[in-house]
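Derivation of every value follows stated rules applied to the coordinates shown; laboratory data play no part. Being a predicted model, the structure only gives us computed values, none of them experimental. Virtual Cβ from ideal backbone geometry, glycine too; neighbours counted across all protein chains shown.
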Amino acid sequence: MKIPLFDLTRQYKSMREEMLKKIDETISSGVVILGQNVEEIEEKVANYVGTNYAVAVGNGSDALLLALQSMGIKQGDHVLTTPYTFFATASAITRLGAVPIFVDVNEDFNINVDLVKKQIESDNLIKAVIPVHLFGKSVNMDDLKAVCDKYDVKILEDAAQSIGSEAIVDGRKFKTGSIGDAGILSFFPTKNLGAYGDAGMVLTDSEEIAQKVKSLRVHGARQKYVHEEIGYNSRMDEIQAAILNVKIPHLDEWIDARIKIAKKYSNLLGNFVKCPEVPGDRTYVFHQYVIRTESRDDLREYLTNEGIGTAIYYPIPLHLQKCFSFLGYKKGDFPVAEKLSRESLAIPIFPEIKPDEQDYVVNKIKSYMEVRS
Ligand SMILES: Cc1ncc(COP(=O)(O)O)c(C=O)c1O
């Protein structure tokens, strides 16, 4: 058996005709940049996550940059985030000339809010925090928001991996991406809602932030060819927007499927490897299903030889990346992140994985771990 970590083609097969029709309509209309499809997906996503505005941009990395800039973050400001995330979370900070400040994560992969509080109390240059709802698991936003509100620090949620997950704040449920001053989404093809190319979005309730992102995505021009500021070229194209409009009605059913697959993994693998824990007060939409074991590298090699796709998210925590060496961090600074980067292994999860394929993955992991022990 060959089981990929993720398979884009199965989902496409189930919606090919509708997709091709929509793409054809889009190209035939002659409007391929910032047209009706983009407006439609902006409205649908804003309704889905519950924000006043959703502004479509070129990709999730730019969404982070444009959002931070629109929130008023500028050169020299300190922005706090996790060292255990995709590179773009921190590079967006440096792209603006601001300084990433890392704090360690909890064993559940998400930022440690107690450490956030300590860091904010000791550094008054911190102007914003970027929590990352990693692998689709919501950060404890109730505690984080209380800390940030107290010290007047802004929040930009990196919800690139977590569309649809929820967190409770002040006793009410909110979708991730809608809780901070702004949030971002990525529609990279492998995401729970993925385009067939690059695409991203900024979410916010603030008209000011939304208008600023809209300007920055078109070279800082609120009116064509009248440039009030220097912006970027970062627009979601109409074809990607059309694709997302076809897909978004299925998002909740795909998330439910992921949660079911994750439950089955946890039930069957819980005695053999460390499985992700689902918190009672927050949801986990399982963008990735990441197990942990000290024999991660050997297990990975074994699974590869058995035809099972896996991935390591992330092999080098950001504070140890060469390009961030100027920040002055060293090995040992963030022991939990460093341990997770040695032990984590993502195993196949996508809504269309078949029960016998999942059984195969489970049986191979079990038999490896049994022999090992
Ligand atoms: C946590 C996180 N942040 C940001 C991004 C950047 O998104 P994109 O790949 O669309 O630029 C990603 C996507 O890969 C991500 O996983």
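Brief remarks follow.
- Cleavage-rule hits, GluC sites (Glu not before Pro), segment 197-264, DSSP coil, Cβ neighbours within 10 Å at most 15: GLU228, GLU229
- Each residue, ASP297 and ASN52, gets one label point 7 Å from its Cα in the Cβ direction; the gap between the two is 5.2 nm.
- Residue with peak Gaussian network fluctuation, the chain [Cα springs, cutoff 10 Å], from MET15, MET201, MET141: MET15
- Among THR89, ILE184, TYR151 the positive-end extreme of the charge dipole of the chain (Cβ point charges): THR89
- Mean-position separation - Cα centroids, segment 10-27 and segment 148-207, in angstrom: 27
- Leading residue at positive end of dipole, segment 296-364 (Cβ point charges), from ASN305, PHE326, TYR360: PHE326
- Charge sum, other residues only, whose C-beta stays under 11 Å from GLY183's C-beta, Lys/Arg counted +1 and Asp/Glu -1: -3
- Gyration tensor verdict on the chain (Cα atoms; rounded if a/c is under 1.5, prolate if a/b is larger than b/c, oblate otherwise): oblate
- 29 Å Cα-Cα threshold exceeded, pairs from LYS150/LYS212; LYS127/LYS224; LYS117/LYS330; LYS191/LYS263; LYS274/LYS354: LYS127/LYS224
- Longest DSSP-loop-exposure-free segment, trypsin sites (Lys or Arg not before Pro), the chain, at most 10 other Cβ within 10 Å: 3-223
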